[in-house]
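Q: The structure that follows is given in the form of structure tokens.
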Amino acid sequence: VQLQVSGGGLVQTGGSLRLSCVVWGRTFSRLVMGWFRQAPGKEREFVAAISWSGGHTYYADSVKGRFTVSRDNAKNTVYLQIHSLKPEDTAVYYCAADATRSLPHGKEYEYDYWGLGTLVTVSS
């Protein structure tokens, strides 16, 4: 299984960005997809997750209202739309896939597959 993340870059405070994660090698519509991030000097943390069909989503409290996770099963792709970016959003963003469960969650250890990540830098 391969996960390829793209869409990171340098953005000004208040700007927006959309990250994409394409998945190969598994039936995408049977994967719970999650987004995580790791800021410099900090541990990786959960950001958002989405169920198989996209009907259920789950967010970390710190990003509710600014981040939106969505998926297109026809394109084997999950997205993370980020609005009102803040300097504290600077991090490497990873997508992950859970091949066991059907509902979104933030338990990092239960995700089976991981992409390499993309760097998002928010300038102040």
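The values are calculated or read from the model by the stated rules, or taken from the named source; none is laboratory data. Keep in mind that what you see is a predicted model, and the values were worked out from it rather than measured. For neighbour counting, all protein chains shown are included, and Cβ atoms are generated from backbone atoms with ideal geometry for every residue, glycine included. Heavy atoms of the whole protein, side chains included, go into the accessibility calculation; ligands, DNA and RNA do not. Shrake-Rupley method; radii C 1.70, N 1.55, O 1.52, S 1.80 Å.
Q: So, in the stretch 106-124, of the ones that are under 12 Å from residue 35 (Cα atoms) and small (Gly, Ala, Ser), which residue ends up least open to solvent (accessible area, probe 1.4 Å)?
A: It comes out as 115.
Q: Restricting attention to the stretch 1-60, report how many residues are over 12 Å from residue 97 (Cβ atoms), among the hydroxyl-bearing types (Ser, Thr, Tyr) and loosely packed, with under 15 Cβ neighbours inside 10 Å.
A: Selection size over the stretch 1-60: 4.
Q: Can you tell me which residue in the stretch 78-96 is farthest from the chain's Cα centre (by Cα), limited to those that are under 11 Å from residue 35 (Cβ atoms) and among the small types (Gly, Ala, Ser)?
A: 91
Q: Does residue 55 qualify as being at pLDDT 95 or above, under 21 Å from residue 107 (Cα atoms) and out of contact with any Phe, Trp or Tyr (no Cβ under 8 Å at 6 or more places or on another chain)?
A: For residue 55, the condition - at pLDDT 95 or above, under 21 Å from residue 107 (Cα atoms) and out of contact with any Phe, Trp or Tyr (no Cβ under 8 Å at 6 or more places or on another chain) - is met.
Q: Next question, about the same structure. Is it fair to say residue 87 is under 18 Å from residue 17 (Cα atoms) and either of a type outside the set (Phe, Trp, Tyr) or buried (at least 21 other Cβ atoms within 10 Å of the Cβ) (or both)?
A: For residue 87, the condition - under 18 Å from residue 17 (Cα atoms) and either of a type outside the set (Phe, Trp, Tyr) or buried (at least 21 other Cβ atoms within 10 Å of the Cβ) (or both) - is met.
Q: Among (1) buried (at least 20 other Cβ atoms within 10 Å of the Cβ); (2) among the acidic types (Asp, Glu); (3) within 23 Å of residue 29 (Cα to Cα), there is one condition residue 72 misses while meeting the rest; what is its number?
A: (1)
Q: Can I ask one more? Considering only the stretch 19-67, state which residues are among the β-branched types (Val, Ile, Thr) and closer than 16 Å to residue 2 by Cα.
A: 22, 23, 27, 32
Q: Which count do you get for residues in the stretch 106-121 that are touching a residue at least 40 places away in the same chain (Cβ under 8 Å) and not in a loop (DSSP other than H, G, I, E, B)?
A: 7
Q: Just checking, how many residues over the stretch 2-52 are on the phi > 0 side of the Ramachandran plot and at pLDDT below 95?
A: Qualifying residue count, the stretch 2-52: 1.
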